[in-house]
Amino acid sequence: MHSELDSRLTRLALRHKNLVVLDAAFPSFVLPQFRQNYDQRLVSIPGRSQLAFPMAVGLAQAGKLVCVLGAPAPILHQVEPSLNIKWISSSPEGDFSDMDFVIGAFGPSLLLIPSEK
């Protein structure tokens, strides 16, 4: 389940030492590879999507690169451009081809990944 996302986030965490995954999905995303390698960088708050934005802001203000799963993305142009927060959402039109670029680029952004089959 979400093995491609798990694999890519794990690889990106190796490159970006400040990457933190904030998982607000319910049920929670299953990221066994990421959890095994970077358990201290996985914040799981299943079903608490309303808390995801303020938590992501706090983590980003502390210098973290925050990937938010399972929470609706805010209107991006209303988010402070100095906050390095990436909202990751499933979509039928999503793909992983630009994930490395989007995660590595500074500032808030939305990344659409393929919906689970």
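Output ³J(HN,Hα) for region 12-22: one whole-Hz value per residue in order, computed from phi by the Karplus curve 6.51 cos²θ - 1.76 cosθ + 1.60 with θ = phi - 60°, and x for Gly and Pro.
Going residue by residue, I get 5, 5, 5, 7, 10, 5, 9, 6, 10, 9, 10 Hz, with x marking Gly and Pro.
Label points 7 Å out from Cα along the Cβ direction at GLN36 and LEU110: separation in nm?
About 3.4 nm, to one decimal.
Using a Förster distance of 35 Å, how high is the FRET efficiency between LEU51 and LYS17, based on the Cβ-Cβ distance and rounded to 0.05?
On the way: r = 25 Å, r/R0 = 0.71.
Calculated value: 0.90.
Could you put ASP100, ASP23, ASP39 in order, starting from the residue whose Cβ has the fewest other Cβ atoms within 10 Å? Numbers along the way, then the final one.
Values: ASP100 13, ASP23 24, ASP39 8.
Exposure proxy ranking, most exposed first: ASP39, ASP100, ASP23.
Please express the Cα-Cα pair-distance distribution P(r) of region 3-114 as a list of whole percents, one per 10 Å bin, running from 0 to the bin with the greatest distance.
15, 53, 31, 1
For VAL20, what residues show an amide H to amide H distance below 5 Å, using hydrogens built from the backbone and excluding near sequence neighbours?
Amide H neighbours of VAL20, under 5 Å, 5+ apart: LEU65, VAL66, CYS67.
Hey, what number do you get for the chain at 222 nm if only DSSP H runs of n ≥ 4 count, each worth -39500 (n - 2.57), divided across all residues, to the nearest 500?
-9500 deg cm²/dmol
For region 59-70, in order, what is each residue's ³J(HN,Hα) by Karplus, 6.51 cos²θ - 1.76 cosθ + 1.60 with θ = phi - 60°, in whole Hz (x at glycine and Pro)?
These are the phi-based 3J(HN,Hα) values: 5, 5, 5, 8, x, 8, 9, 9, 9, 9, 10, x Hz.
Can you list residues from other chains, or at least 5 along the same chain, whose modelled amide H is less than 5 Å from the amide H of SER44?
ASP23
Read-outs: derived from the displayed coordinates by stated rules, not from any lab. From a predicted model like this one, the values you see are computed outputs, not experimental measurements. As a convention, Cβ positions derive from the backbone with ideal geometry for all residues, glycine included, and neighbour counts pool all protein chains shown.
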